[in-house]
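I have placed the structure first, in the form of structure tokens, so that the comments after it can refer back to it.
The values are calculated or read from the model by the stated rules, or taken from the named source; none is laboratory data. Just so it is clear, the model here is predicted, and its values are computed rather than measured. Heads up, the Cβs are rebuilt from the backbone with ideal geometry, glycines too, and the neighbour counts pull from every protein chain shown. Note: accessible area is taken over every heavy atom of the protein model, side chains too, but ligands, DNA and RNA are not part of it. Shrake-Rupley method; radii C 1.70, N 1.55, O 1.52, S 1.80 Å.
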2 protein chains.
Amino acid sequence: MAHRDSNAPTIEDIRAAARRIEPYVHRTPVLTCGRIDDVADAEIHLKCENLQKVGAFKARGATNAVFSLGDEVAASGVVTHSSGNHAQALAWAAKRRGIPAHIVMPTNAPVVKRNAVLEYGGIVHDCEPTLEQRLATCERVAAETGGSIVPPYDDDRIIAGQGTIALELLGQVPDLDAIVVPVGGGGMIAGIAICVKAIAPGIKVIGAEPELVDDAARSRRSGRIESHRGDPTSTIADGLRTTLGERTFPVIRDLVDDIVTVPETRIRKALRLVMERAKLVIEPSAAVGIAALDDDGFRRHGFQRVGVVLCGGNLDLDALPSLL
Amino acid sequence: MAHRDSNAPTIEDIRAAARRIEPYVHRTPVLTCGRIDDVADAEIHLKCENLQKVGAFKARGATNAVFSLGDEVAASGVVTHSSGNHAQALAWAAKRRGIPAHIVMPTNAPVVKRNAVLEYGGIVHDCEPTLEQRLATCERVAAETGGSIVPPYDDDRIIAGQGTIALELLGQVPDLDAIVVPVGGGGMIAGIAICVKAIAPGIKVIGAEPELVDDAARSRRSGRIESHRGDPTSTIADGLRTTLGERTFPVIRDLVDDIVTVPETRIRKALRLVMERAKLVIEPSAAVGIAALDDDGFRRHGFQRVGVVLCGGNLDLDALPSLL
């Protein structure tokens, strides 16, 4: 498959990221579950990024970005706007390097997410809950502190860091037919696609996203970045509510083989399946990849050995009854 | 430490069990969690029997018992009375061997447990919910079918099977100071103690049980099998509500180094800790081992590297809010 964006990260960037982050992050295990195999009618290998540091794959990209900085630049710290796993991951990675992490969070962010960032040593900067205010506050904090902005996904260091998931998985499970990857901003699937198509191009890379926020599937069809049609908060998969970015979209357009969209009922069913049968705590975004296995379009591929990235495990247990 | 019961299973029985069950059960992973290390102020290694077949260590003993039978005896099947993990494990193991499993269950057993046994191919026999009726029905079914009774814990084949947990763990993590094991009927801790004291006698074997069903701690002190003082259903750790048996007690008396009892509030806290931070689904009985790490008596040992057996993951998700 041709890759038209010659400026995109390469397999060498991913290998460099793997060496850079190896002292800090987990080589996450790959687990199997007989019941999930039965449901999918295939051999399913679960790449457990829910067991990653900070409970999500975001630790990889954040660590790669933080440790890519030169010493002098790094000393001023890093800055991002996020209320999700990237915020925790950046705070955690910055602490590993001993530099400050400035996290811009909307005033309406859940207290539990704010506390998680504080627990990892991040410095929280409040802002009004609009994208404009988040970006403006982020720029202001960066200007005031001299900190380097590390975006959650639309960044080559992040893409390369997330690509290390595939580097590991290909070494852990030989002869996969496909890898299923949940798609939010696209940093994870872009990194995985670059890695897979460089090393084992026969393996299909399949995106999975909620029907209610199907911007990636529509972007891939239309050939340009599409925004959400409806309210992104309508899906329980809160990690996948973002749209693709300028750096992630071209890679996805050129290297991803298919994007499957799944209804909410199936995401809920998959969340229950993984927790009840695989005994793993995952967040709803991770259930989206499992839900895709049950999609007719996906089944038509006839894959026999499939890797699925369980991207995160940061589930609010007290909210679980409303998610099942 | 002297072992006075010369008829108890030996390390050779455990090695034989390991060879016998190896084609069927998982070599479960050992995982770590930084947050649990922080709470325990020690390096904690989680032996994930919640990721075992049928979601609990019981698959080991049941498989060992089922595959210990001669072909002619096995053909008549196996019989037990249980409404818990042993019932599922025996049904599952019997199916692996292609023989019938007769499971005597009280009429008030939860539908979800009944269905789990049926799903694994077990034949359910109803009985009145008294111990007398359970035993009588079990004997009757065994007489009618010619099936072999396989008790849930007070059986040398079961003890040897559960001992394989330690055989694996000692190979996976060198230089442990102690292994913490939840205690119900005592099959698991007896098997583990036999294995540890034969191979690495310097490693302490510590039992953990709910304060509300502290029969094992009292039995160890008094030198004879004690029954429950109160209502065993008062603890959320439903897998630990049984008392020790004739086969398990002498081993525990002679080989177990300490038994720690933990209050319900700490079991609930540990359940939340493991699910929220280690991202593993466990049942309340498995949380008892984690809760023990926070006990003053346990801390006084000063262990630096501790293995904890997460014995099972068969949690009713819909009941979770009442358990946290």
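Taking the stated definitions as given, is B:N64 touching a residue at least 24 places away in the same chain (Cβ under 8 Å), in the same structural domain as B:C311 (by TED's automatic domain parsing), open to solvent by less than 20 Å² (accessible area, probe 1.4 Å) and in a helix (DSSP H, G or I)? Lay out the reasoning, then the answer.
Working: touching a residue at least 24 places away in the same chain (Cβ under 8 Å): yes; in the same structural domain as B:C311 (by TED's automatic domain parsing): no; open to solvent by less than 20 Å² (accessible area, probe 1.4 Å): yes; in a helix (DSSP H, G or I): yes.
For B:N64, the condition - touching a residue at least 24 places away in the same chain (Cβ under 8 Å), in the same structural domain as B:C311 (by TED's automatic domain parsing), open to solvent by less than 20 Å² (accessible area, probe 1.4 Å) and in a helix (DSSP H, G or I) - is not met.
Of all residues in the stretch A:227-277, those that are among the β-branched types (V, I, T) and more than 25 Å from A:C33 (Cβ to Cβ) total 7. Exactly one of (1) open to solvent by 20 Å² or more (accessible area, probe 1.4 Å); (2) touching a strand residue (DSSP E or B) at 6+ places or on another chain (Cβ under 6 Å); (3) in the same structural domain as B:G313 (by TED's automatic domain parsing) is unmet by B:H125. Its number? B:H125 satisfies every listed condition except (3). Residues in the stretch A:33-51 that are more than 9 Å from chain B (Cβ to nearest Cβ) and either surrounded by 24 or more Cβ atoms within 10 Å (Cβ to Cβ) or touching a His at 6+ places or on another chain (Cβ under 8 Å) (or both): A:I44, A:L46, A:K47, A:E49. Among the numbered criteria (1) polar (S, T, N, Q); (2) surrounded by fewer than 24 Cβ atoms within 10 Å (Cβ to Cβ); (3) more than 16 Å from A:D155 (Cα to Cα), which single criterion is violated by A:N7? The number of the failed condition is (3). With respect to being within 14 Å of chain B (Cβ to nearest Cβ), farther than 23 Å from A:P151 by Cβ and among the β-branched types (V, I, T), A:I236 falls outside the description. Would you check if there is a residue in the stretch B:229-244 being over 19 Å from B:I189 (Cα atoms), in a helix (DSSP H, G or I), of a type in the set (K, R) and open to solvent by 10 Å² or more (accessible area, probe 1.4 Å)? Checking the stretch B:229-244: not a single residue is over 19 Å from B:I189 (Cα atoms), in a helix (DSSP H, G or I), of a type in the set (K, R) and open to solvent by 10 Å² or more (accessible area, probe 1.4 Å). Just one of (1) over 20 Å from B:R60 (Cα atoms); (2) in the same structural domain as B:R15 (by TED's automatic domain parsing) fails for B:G161. It is (1). Whenever a residue of the stretch B:169-184 is touching a residue at least 24 places away in the same chain (Cβ under 8 Å) and of a type in the set (D, E, K, R), its partners that are in a strand (DSSP E or B) and open to solvent by 10 Å² or more (accessible area, probe 1.4 Å), lying with C-beta atoms within less than 9 angstrom and at least six residues away or across chains, give the pairs B:D175/B:R305; B:D177/B:K204; B:D177/B:R305.
Table: residues versus (1) open to solvent by 10 Å² or more (accessible area, probe 1.4 Å); (2) assigned to a helix (DSSP H, G or I); (3) at pLDDT 95 or above.
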{"position": "A:Q162", "(1), (2), (3)": "no, yes, yes"}
{"position": "A:P174", "(1), (2), (3)": "yes, no, no"}
{"position": "A:V181", "(1), (2), (3)": "no, no, yes"}
{"position": "A:G185", "(1), (2), (3)": "no, no, yes"}
{"position": "A:I189", "(1), (2), (3)": "no, yes, yes"}
{"position": "A:K197", "(1), (2), (3)": "yes, yes, yes"}
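Cβ-Cβ contacts under 9 Å between residues 6 or more apart (or on different chains), taken from a first residue in the stretch A:108-126 that is on the phi > 0 side of the Ramachandran plot to a second residue that is assigned to a helix (DSSP H, G or I) and surrounded by 13 or more Cβ atoms within 10 Å (Cβ to Cβ), are listed as A:G121/A:A91; A:G121/A:W92; A:G121/A:A94; A:G121/A:K95. Only residues that are assigned to a loop (DSSP other than H, G, I, E, B), within 11 Å of another protein chain (Cβ to nearest Cβ) and either surrounded by fewer than 24 Cβ atoms within 10 Å (Cβ to Cβ) or on the phi > 0 side of the Ramachandran plot (or both) were counted in the stretch A:249-283, giving 1. Evaluate the following for A:P129: is it without any contact (Cβ under 8 Å) to a residue 60 or more places away in the chain, under 21 Å from A:G184 (Cβ atoms) and of a type outside the set (S, T, Y)? So A:P129 passes the test. With respect to the conditions (1) more than 18 Å from the chain's Cα centre (by Cα); (2) in a helix (DSSP H, G or I), B:G289 lacks only one, and its number is (1). Of the listed requirements (1) open to solvent by 60 Å² or more (accessible area, probe 1.4 Å); (2) under 16 Å from B:A208 (Cα atoms); (3) within 14 Å of chain A (Cβ to nearest Cβ), B:A287 misses just one: (1). Among the residues of the stretch B:191-244, those that are among the acidic types (D, E) and free of Cβ contacts under 8 Å to residues at least 40 places away in the same chain comprise B:D215, B:E226, B:D231. Suppose we filter the stretch B:290-324 for residues that are away from chain A (no Cβ under 14 Å), loosely packed, with under 14 Cβ neighbours inside 10 Å and small (G, A, S); how many remain? Count: 2.
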